[in-house]
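Below is one structure; the comments refer to it alone.
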Amino acid sequence: MGMKCVQCNTDNILSDRTSNSGRCKRCNHPFVFEPTSVTDKKLAFTDPFFKKAIENISSQNMLFFTHKQFLYFIDQKLKSRTPGISGIFLYFFFSFVLGGIGSSFGLPIFSSQFALSIPFALYNLIWIWLFFDDSKSPAQGIRGRRNNAKNLQTLGLIILVTAIPISLLAASLTRYIAATLLGLFSYWLGISQKNRLHEISEVFIVNSAQSDKWLRDWQRVNGALEKLLPAARQEALPATIAPEVSAYSFDRAIICDSDEIAQFLIANNVHFENNCAILSISGYPQSIFNTVIEMLRRNTDLKVYALHNASPPGVGLVHQLRTSPEWFASQAVTIFDLGISPRQILATRDMFVQKSQTMAQTARQLPDAVRQSLTAEELAWLDAGNFVELESFTPQRLLRVVNYGLAQSGDPQTNDGLILVDNAVGYGGGYVFVSDSFG
């Protein structure tokens, strides 16, 4: 197995890497990864693969990203690697192999008399089960599950197009009915699985410890990653802000439900580009938090943007901003719920959905006001323990969502993309709008 050196682009086959102690035969640059030594082949990859992943997630070293964003990204990259041979190709390949074996023993596999017999039906049922099982596998990415659902539809069409004419030639009503039912069943099952993609939770094939180790190993050999953010830290000592600066206020503020997302937005200059404050609900960045809150409260036309995970704590963020004295309980502010909301997930059906019993318990303990603001479908989704994290999105997509949300809030009353969900005069006035899509 060849692997190109990321330093000089020289191709090194396994014997080259082995004889040179894991270094490039031309420039002597060390290789970080050796795919042939990995037991689990799903986690086997080369240095160029890892380098490309870093370039892609950082948009060619332009955007900062968190450790968890990289975990999600590398996990999806490993899951979505397209196998050399598709499932449908394998179906045909094994069909002809079995046909050849059967013919050598005098069995007319492709004759009208043998078609749609019990062996033929069992063979197709095995493939239907294989595609169906993969279409609901938590270890498959959303793309892999969707492809297997499409395979079920394709297999159904193949059965209908090939087996039905053969059964008609054989003048067998029983075989005609069997072919029709088998083909329609496979096609219907594919449609059903495509519609259920958002209901299927997903699991990582890479854990955070493994991902972090890969990053450390890579940086040890190839140098520090400039755009990889360190863990978000809370500074105990307040920072000094010049009086002429603190005398002003912001027209807009983005409040996140995690320190990591707030750090991510600040690192990527969202506050500068949009002239807005960025804080987390837990008080990040602590060094300037109290000063910024005071600045925000001075603005009677303040617009607040809630950015959160699709989780019980996340969907409760707007309610907390509305009712907490530490935030805007006594101030008439307009709040825009950028997401992620369960309704956006149910509409998009293209996200990394996880499931946790802890989340299910937390969902059932949400305040009545929060639960009443959600649809029955959203409540069912949360009560089942489902959740989606913001860090499952690439930096580029997450920044696009934030910028889009800020842009569409100019005239919310006339924007079809925003839904008025609360005119809570009891909380001091203002409105709460929810975006009906996530970027």
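The values are calculated or read from the model by the stated rules, or taken from the named source; none is laboratory data. What you see is a predicted model, and the numbers here were worked out from it, not measured in a lab. Because the Cβ atoms are built from the backbone with ideal geometry, glycine has one as well, and the counts that use them run over all protein chains shown.
Quickly run through segment 285-323 and pick out the residues that are hydroxyl-bearing (Ser, Thr, Tyr) and within 21 Å of residue 385 (Cα to Cα).
Let us first name the residues in segment 285-323 that are hydroxyl-bearing (Ser, Thr, Tyr), namely 287, 291, 300, 305, 311, 323.
Answer for segment 285-323, where residues must be hydroxyl-bearing (Ser, Thr, Tyr) and within 21 Å of residue 385 (Cα to Cα): just 311.
Suppose we filter 408, 365, 320 for residues that are over 25 Å from the mean Cα position of the chain (by Cα), surrounded by 16 or more Cβ atoms within 10 Å (Cβ to Cβ) and free of Cβ contacts under 8 Å to residues at least 60 places away in the same chain; which single one remains?
Numbers: 408 fails: over 25 Å from the mean Cα position of the chain (by Cα); 365 fails: surrounded by 16 or more Cβ atoms within 10 Å (Cβ to Cβ).
Sole residue among the options that is over 25 Å from the mean Cα position of the chain (by Cα), surrounded by 16 or more Cβ atoms within 10 Å (Cβ to Cβ) and free of Cβ contacts under 8 Å to residues at least 60 places away in the same chain: 320.
Can you name the residue in segment 1-19 that is in a strand (DSSP E or B) and charged (D, E, K, R) and is also farthest from residue 218 (Cα to Cα) among such residues? Walk me through how you get there before you give the answer.
Going through segment 1-19, the residues in a strand (DSSP E or B) turn out to be 3-4, 11-12.
Next, only the ones that are charged (D, E, K, R) stay: 4, 11.
Numbers: 4: 15, 11: 19 Å.
Only one residue fits best here, namely 11.
What is the number of the single condition among (1) within 24 Å of the chain's Cα centre (by Cα); (2) assigned by TED's automatic domain parsing to the domain that holds residue 151; (3) hydrophobic (A, V, I, L, M, F, W, C) that residue 214 does not meet?
Against the list (1) within 24 Å of the chain's Cα centre (by Cα); (2) assigned by TED's automatic domain parsing to the domain that holds residue 151; (3) hydrophobic (A, V, I, L, M, F, W, C), residue 214 comes up short only on (2).
What number of residues in segment 371-387 are over 16 Å from residue 317 (Cβ atoms) and among the acidic types (Asp, Glu)?
Total meeting the criteria: 2.
Under 8 Å between Cβ atoms, at least 6 apart or on separate chains: pull out the pairs that start in segment 188-211 with a residue that is under 23 Å from residue 158 (Cβ atoms) and end on any residue that is modelled with pLDDT under 85 and surrounded by 15 or more Cβ atoms within 10 Å (Cβ to Cβ).
If the second residue must be modelled with pLDDT under 85 and surrounded by 15 or more Cβ atoms within 10 Å (Cβ to Cβ), the pairs left are 197/142; 197/349.
Do we find that residue 4 is more than 24 Å from residue 261 (Cα to Cα) and touching a Leu at 6+ places or on another chain (Cβ under 8 Å) in this structure?
So residue 4 does not fit the description; no.
Across segment 164-211, what is the number of residues that are in a helix (DSSP H, G or I), modelled with pLDDT of 75 or more and surrounded by 16 or more Cβ atoms within 10 Å (Cβ to Cβ)? Full working, then the answer.
Our first condition is that a residue be in a helix (DSSP H, G or I); within segment 164-211, this holds for 164-169, 173-195, 197-199, 208-211.
Right, trim to modelled with pLDDT of 75 or more and you get 165, 176-195, 197, 208-211.
Filter once more, keeping what is surrounded by 16 or more Cβ atoms within 10 Å (Cβ to Cβ): 176, 178-179, 182-183, 185-187, 189-190, 193-194, 197, 211.
Matching residues across segment 164-211 total 14.
Identify, from the list 293, 335, the residue that is in the same structural domain as residue 352 (by TED's automatic domain parsing), out of contact with any strand residue (DSSP E or B) (no Cβ under 6 Å at 6 or more places or on another chain) and touching a residue at least 12 places away in the same chain (Cβ under 8 Å). Full working, then the answer.
Numbers: 335 fails: out of contact with any strand residue (DSSP E or B) (no Cβ under 6 Å at 6 or more places or on another chain).
Exactly one of 293, 335 is in the same structural domain as residue 352 (by TED's automatic domain parsing), out of contact with any strand residue (DSSP E or B) (no Cβ under 6 Å at 6 or more places or on another chain) and touching a residue at least 12 places away in the same chain (Cβ under 8 Å), namely 293.
Sort out which residues of segment 33-55 are assigned to a helix (DSSP H, G or I), surrounded by 14 or more Cβ atoms within 10 Å (Cβ to Cβ) and without any contact (Cβ under 8 Å) to a residue 40 or more places away in the chain, and write them in order of number. Working first, answer last.
Taking segment 33-55 as the starting set, the residues that turn out to be assigned to a helix (DSSP H, G or I) are 35-37, 41-43, 47-55.
Now narrow it down to the ones that are surrounded by 14 or more Cβ atoms within 10 Å (Cβ to Cβ): 35, 43, 47-54.
Correct list: 35, 49, 52, 53.
State whether one or more residues within segment 323-344 are out of contact with any Lys or Arg (no Cβ under 8 Å at 6 or more places or on another chain), part of a helix (DSSP H, G or I) and under 19 Å from residue 408 (Cα atoms).
Quick first cut of segment 323-344, residues out of contact with any Lys or Arg (no Cβ under 8 Å at 6 or more places or on another chain) only: 323-327, 330, 332, 337-344.
With part of a helix (DSSP H, G or I) added as a condition, the list becomes 323, 342-344.
Retained after the next criterion (residues that are under 19 Å from residue 408 (Cα atoms)): 343-344.
There is at least one residue in segment 323-344 that is out of contact with any Lys or Arg (no Cβ under 8 Å at 6 or more places or on another chain), part of a helix (DSSP H, G or I) and under 19 Å from residue 408 (Cα atoms).
Given segment 249-309, what helices (runs of 4 or more DSSP H) lie entirely inside it while holding 2 or more residues that are surrounded by 23 or more Cβ atoms within 10 Å (Cβ to Cβ) and touching a helix residue (DSSP H, G or I) at 6+ places or on another chain (Cβ under 8 Å)? Outline the logic, then answer.
Details: elements: 259-267, 270-274, 289-297.
Here the list reads 259-267.
Taking the criterion of being assigned to a helix (DSSP H, G or I) and farther than 30 Å from residue 267 by Cα, would at least one residue in segment 20-32 satisfy it? Step through it out loud before you land on a result.
Let us first name the residues in segment 20-32 that are assigned to a helix (DSSP H, G or I), namely none.
There is no residue in segment 20-32 that is assigned to a helix (DSSP H, G or I) and farther than 30 Å from residue 267 by Cα.
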